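Worksheet for the structure shown next.
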Amino acid sequence: MGMMTGIEYRESLKLLKPEVYFMGEKIKSILDHPAFIPHINAAALTYDMALAPEFEELTSATSHLTNQKISRFTHIHHSHDDLIKKVKMLRAIGQQTGSCFQRCVGHDGLNAVYSVTFEIDKENGTNYHQRFIHMLKEVQNHDLMISGAMTDPKGDRALAPGKQKDPDAYLHIVQRKADGIIVRGAKAHITGAVNSHGHLVMPTAAMTAEDADYAVCFYVPVDAPGVIHIFGRQTNDTRKCDCTIDQGNEEYGIVGGEALIIFDDVFVPWEHVFMCGEYEFAYPLVERFATAHRQNYGGCKTGLADALIGATYLMAESQGAQGAAHIREKLIDMVHLAETLYCCSIACSCQGYALPSGSYMADPLLANITKLNVTRNIYEIARLTQDIAGGIMATLPAESDWKDPKIGKYLEKYMKGASVVPTETRMRLTRLLEAMTCGTALVESMHGAGSPQAQRIMIWRQANLEHKKRLARKLAKIKE
Ligand code: SF4
């Protein structure tokens, strides 16, 4: 009971037996497999930072349920200060990991489900909220890491869940029993799934009465019978198996370690069911979760950008280019782009408000603006990094060649930049920049927390264009 250290988190994973597959192999222990170790390290750091005196003001909180000190990743926001501290926490952790640390998705799911279950009960006289509070206390008291499982495979995008040729394209209820429900389907791109303790499953879109069986929200332990994880590939992931420097970020990897989770007729007892057919509440749940997660992106991504900008500057120094005026200008642009994202996250937190449950959420319009900016600014930051670093990012020979007794001396000699900087430093920086700006890492900035089009739809809904038209009519003295 109580907050865990990183070591205790790893020990807690040993007690679980999730069904996990990767590259055709059934994984016996994720703790001992190189594909998973960096992601576990990143998640473990969130535990250690919650207890570290220099970070605990941001990374821990006081439970409104038990009055105990808890990890902020299990806390329900109850003020603007909570919303702002979340963003600052994400930036602080991102600076240390240079990669996704995964726990925010479940945290945002907990906040979304907390507020929506309160409103379902108020409307329908159900008891989802009390059930959820019971589960939340377990999560807080045991400092559990929960994945937030929202995105369905979706099949034919032109068809609603209930109209799909394959009824399992969206996760749905297949049976209601006296003691619980049976669910079938899948959730895709789920961050930190295999090294979580359990999954908080939520619907992914607005639903109609025809889709009522798809309006389902519940919690399952990661190793519940019928829950199967198929771990996704990442750019250069085989480097995790046969090298260290060439990984770029050996300790924490790139992105969050995403998995496809299959629910093959999984039984969920009623005490872990938080929505069961209340289709009118599917959209509010999606919106709350999306707002919470999009709020984050100017936090964690700015933390990553801090490390990336530092690495880019070091790279320029390693090549003797740090004095060039254009390098300075590009670094200024990178800082401007990163801090703009941070401004957005702080702004949507400051403009947040209380929901009927008493919990707080960020401003939805500004949170969606934040994430849409991330889909652009992070690419521009990466472009500037690649501009400064040069073609070596795409052509640097392997670490094993540099270590080779016969040809290593040539790489040591010809891969050297400024005479005061060791060749190894330039190689390490090149690989870190490659890991942070190529392939999977960039795609995550585009589609994590929802694709740009999802943000544009919410921006259109939230923009209050009628009000803007009224302003224009008034100025132009045009009658309604
Ligand atoms: Fe957290 Fe950022 Fe990873 Fe999302 S992408 S889980 S906000 S670190």
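The values are calculated or read from the model by the stated rules, or taken from the named source; none is laboratory data. Predicted model only: the values in this text are computed from it and were never measured. Here the Cβ is made from the backbone with ideal geometry for all residues, glycine too, and neighbour counts use every protein chain on show. Just the protein is used for accessible areas: all its heavy atoms, side chains included, with ligands, DNA and RNA removed. Shrake-Rupley method; radii C 1.70, N 1.55, O 1.52, S 1.80 Å.
Quick one: 3J(HN,Hα) in Hz for segment 334-347, Karplus 6.51/-1.76/1.60 with θ = phi - 60°, rounded, Gly and Pro as x.
Along segment 334-347, the couplings run 5, 5, 4, 5, 5, 5, 4, 5, 4, 3, 4, 5, 5, 5 Hz.
Using the scaling law 2.2 N^0.38 Å as the reference, what is the normalised Cα Rg of segment 342-476? Provide the component values of the computation, followed by the final result.
Numbers: Rg = 23.4 Å, N = 135, 2.2 N^0.38 = 14.2 Å.
With N residues counted in segment 342-476, Rg over 2.2 N^0.38 Å equals 1.65.
What is the sum of charges around Asn249, taking Lys and Arg as +1, Asp and Glu as -1, for the other residues whose C-beta is under 13 Å from the C-beta of Asn249?
Result for the local shell: -1.
Which values, in whole Å and largest first, are the semi-axes of the equivalent ellipsoid of the chain obtained as the square root of 5 times each eigenvalue of the Cα gyration tensor?
Rounded to whole Å, the semi-axes are 39, 28, 21.
Evaluate the charge dipole of segment 213-313 about its Cα centre and quote only its size in Debye, nearest 20, assuming +1 on the Cβ of each Lys and Arg and -1 on the Cβ of each Asp and Glu.
That gives a dipole near 400 debye.
Quick check: at a probe of 1.4 Å, how many percent of the accessible area of the chain sits on carbon and sulfur atoms?
The nonpolar share, carbon plus sulfur, comes to 55 percent.
Taking just the alpha-carbon atoms of segment 172-263, what radius of gyration and Dmax come out, in angstrom?
Final numbers for Rg and Dmax: 17.0, 55 Å.
Order the peptides 351-358, 240-247, 402-409 from the highest to the lowest mean number of other Cβ atoms within 10 Å of their residues.
The packing order, highest mean first, is 240-247, 351-358, 402-409.
Where the only charges are on Cβ atoms (+1 Lys, Arg; -1 Asp, Glu), what is the dipole of segment 111-248 about its Cα centre, to the nearest 20 debye?
120
For segment 1-160, what is the accessible area per residue in Å² when the probe is 1.4 Å?
Ligands and nucleic acids excluded, the result is 41 Å² per residue.
Using the Cα gyration tensor of segment 1-125, with a ≥ b ≥ c the square roots of its eigenvalues, what is the shape: rounded (a/c below 1.5), prolate (a/b larger than b/c) or oblate (neither)?
Note, shape of segment 1-125 comes out oblate.
With the cut-off at 1.5 for a/c, could you classify segment 286-393 from its C-alpha gyration tensor as rounded, prolate or oblate? Write out the running numbers ahead of the final one.
Values: a/c = 3.54, a/b = 3.12, b/c = 1.14.
Prolate.
Given charges of +1 on the Cβ of Lys and Arg and -1 on the Cβ of Asp and Glu, with all other atoms neutral, how large is the dipole of the chain about its Cα centre, in debye to the nearest 20?
So the dipole magnitude of the chain works out to roughly 1400 debye.
Any chance you could check the Cα centroid distance between segment 238-275 and segment 74-99 for me, in angstrom?
Their Cα centres are 21 Å away from one another.
If Lys and Arg each add +1 and Asp and Glu each add -1, what is the summed charge of the other residues whose beta carbon sits under 14 Å from the beta carbon of Thr375?
Counting the neighbours of Thr375, the net charge comes to +4.
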